[in-house]
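**Student:** Structure below; questions to follow.
The values are calculated or read from the model by the stated rules, or taken from the named source; none is laboratory data. Here the structure is a predicted model, which means the values were calculated and not measured. Cβ placement follows ideal geometry from the backbone for every residue including glycine, while neighbour counts extend to all protein chains displayed. Protein only, heavy atoms only, side chains kept; ligands, DNA and RNA dropped before computing areas. Shrake-Rupley method; radii C 1.70, N 1.55, O 1.52, S 1.80 Å.
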Amino acid sequence: MSSGNWGDLRARVLSAIVMVAVGAVAIALGGPVWSALVVLVTALMIWELARITAPEDPAGKHLGAALLAVLSLGGLLIQGGQVMLLALFLVPLGFAFTPRRMKRVAVPYALAIMTAGAGLVSLRTMGVTPLLWLLAVIIVSDVAGYFAGRAFGGPKFWPAISPKKTWSGTVAGWIGAALVGAGFHLVAGAPAALIWLSPLVAFAGQLGDILESWLKRRAGIKDSSNLIPGHGGFLDRFDALLLAAMLVFVAQHILYLSVVGGF
């Protein structure tokens, strides 16, 4: 193989090691450390979304969106309470009332980013296990989908938006997620409901991946940013986690389902 195919391998590996190490330490420490990391990453993803949907705006305007994300999510985490959930809508409202491309998608996507940030902090307050479950569902469903799609091929899941994803890979991802739920039920004493909830979370993650790919295709860009050497941007790396974490947060705080809280 030509060196061009592997030219960014060193940067990719080093970036991945740093991200895993920082994430692992923050998850282990929890509390303010984990919350601060989530707020920072959430703000960076909002910054990337602002750049994608309004590339002609000055850099300061994008930084303003990121700062609003920090203030609103940070305020929610500090103050707490159901009323403060309204703070999650501040950034999406900012997107709604400023000129930008793909607004009908950008506004709900901004809300998904903010909600996912709140969800990731909320999960960690219940202990390490619920957060590890969510990460395991996303990773296993992604890996299972990749290999099953390559091995079996078949009809495309959504060819107009994601030409590479197949139904075989999608279903394999659901099965892998269900096995993760079953494993946490048997080993960690998690509720049996995770066996059916995990595939739903995996499906949300798959949709998150497709949505971010569609946004980039419409914007005519390869990566959401170049913030992570060799990997692109934070939206590129955490697109699947976004909608999955949002679904868990909505299930807990809007629908009042206590399945995740039963670890």
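**Student:** Taking only pairs six or more apart or across chains, which ones have beta-carbon atoms under 7 Å, a first residue in segment 190-208 that is within 13 Å of LEU243 (Cα to Cα), and a second residue that is among the acidic types (Asp, Glu)?
**Tutor:** GLY208/ASP239
**Student:** For segment 78-124, give me each residue that is under 25 Å from ILE27 (Cβ atoms), open to solvent by 30 Å² or more (accessible area, probe 1.4 Å) and touching a residue at least 24 places away in the same chain (Cβ under 8 Å).
**Tutor:** Result: ARG124, single match.
**Student:** When the residues of segment 50-79 are filtered to those that are among the small types (Gly, Ala, Ser) and touching a His at 6+ places or on another chain (Cβ under 8 Å), which remaining residue is modelled with the highest pLDDT?
**Tutor:** Residue satisfying both the conditions and the ranking: ALA50.
**Student:** Another question, if that's okay. Where the second residue is open to solvent by 70 Å² or more (accessible area, probe 1.4 Å) and the first is without any contact (Cβ under 8 Å) to a residue 12 or more places away in the chain and lies in segment 213-233, which pairs have Cβ atoms under 7 Å and are six or more apart or on separate chains?
**Tutor:** These pairs meet every condition: GLY232/ASN226.
**Student:** Confirm whether ALA69 is open to solvent by 70 Å² or more (accessible area, probe 1.4 Å), in a helix (DSSP H, G or I) and over 18 Å from ILE221 (Cα atoms).
**Tutor:** no
**Student:** How about segment 29-46: which of its residues are without any contact (Cβ under 8 Å) to a residue 60 or more places away in the chain and within 16 Å of PHE238 (Cβ to Cβ)?
**Tutor:** Passing the criteria: LEU37, LEU40, ALA43.
**Student:** Scan segment 22-38 and give yes if some residue there is at pLDDT 95 or above, under 17 Å from the mean Cα position of the chain (by Cα) and within 15 Å of LEU227 (Cβ to Cβ), otherwise no.
**Tutor:** yes
**Student:** So which residues in segment 186-199 are buried (at least 17 other Cβ atoms within 10 Å of the Cβ) and either part of a helix (DSSP H, G or I) or among the polar types (S, T, N, Q) (or both)?
**Tutor:** LEU194, ILE195, LEU197, SER198, PRO199
**Student:** Which residues, counting only those in segment 126-157, are open to solvent by less than 60 Å² (accessible area, probe 1.4 Å), outside any helix (DSSP H, G or I) and closer than 30 Å to PRO191 by Cβ?
**Tutor:** GLY127, PHE157
**Student:** So, in segment 7-60, of the ones that are touching a helix residue (DSSP H, G or I) at 6+ places or on another chain (Cβ under 9 Å) and not in a helix (DSSP H, G or I), which residue ends up surrounded by the most Cβ atoms within 10 Å (Cβ to Cβ)?
**Tutor:** Filtering first and then ranking leaves ALA54.
**Student:** Could we say that ALA160 is at negative phi, open to solvent by 70 Å² or more (accessible area, probe 1.4 Å) and among the small types (Gly, Ala, Ser) here?
**Tutor:** In short, yes.
**Student:** Here's another thing I want to ask about it. Please count how many residues of segment 231-254 are open to solvent by 10 Å² or more (accessible area, probe 1.4 Å) and not in a helix (DSSP H, G or I).
**Tutor:** Of the residues in that region, 2 qualify.
**Student:** Among what's in segment 125-156 and is aromatic (Phe, Trp, Tyr) and free of Cβ contacts under 8 Å to residues at least 40 places away in the same chain, pick the residue that is nearest to GLU212 (Cα to Cα).
**Tutor:** Checking each candidate, the answer is TYR146.
**Student:** Taking segment 200-230 as the search range and keeping residues that are of a type in the set (Gly, Ala, Ser) and not in a helix (DSSP H, G or I), which one is surrounded by the most Cβ atoms within 10 Å (Cβ to Cβ)?
**Tutor:** So, considering only residues that are of a type in the set (Gly, Ala, Ser) and not in a helix (DSSP H, G or I), the one surrounded by the most Cβ atoms within 10 Å (Cβ to Cβ) is SER224.
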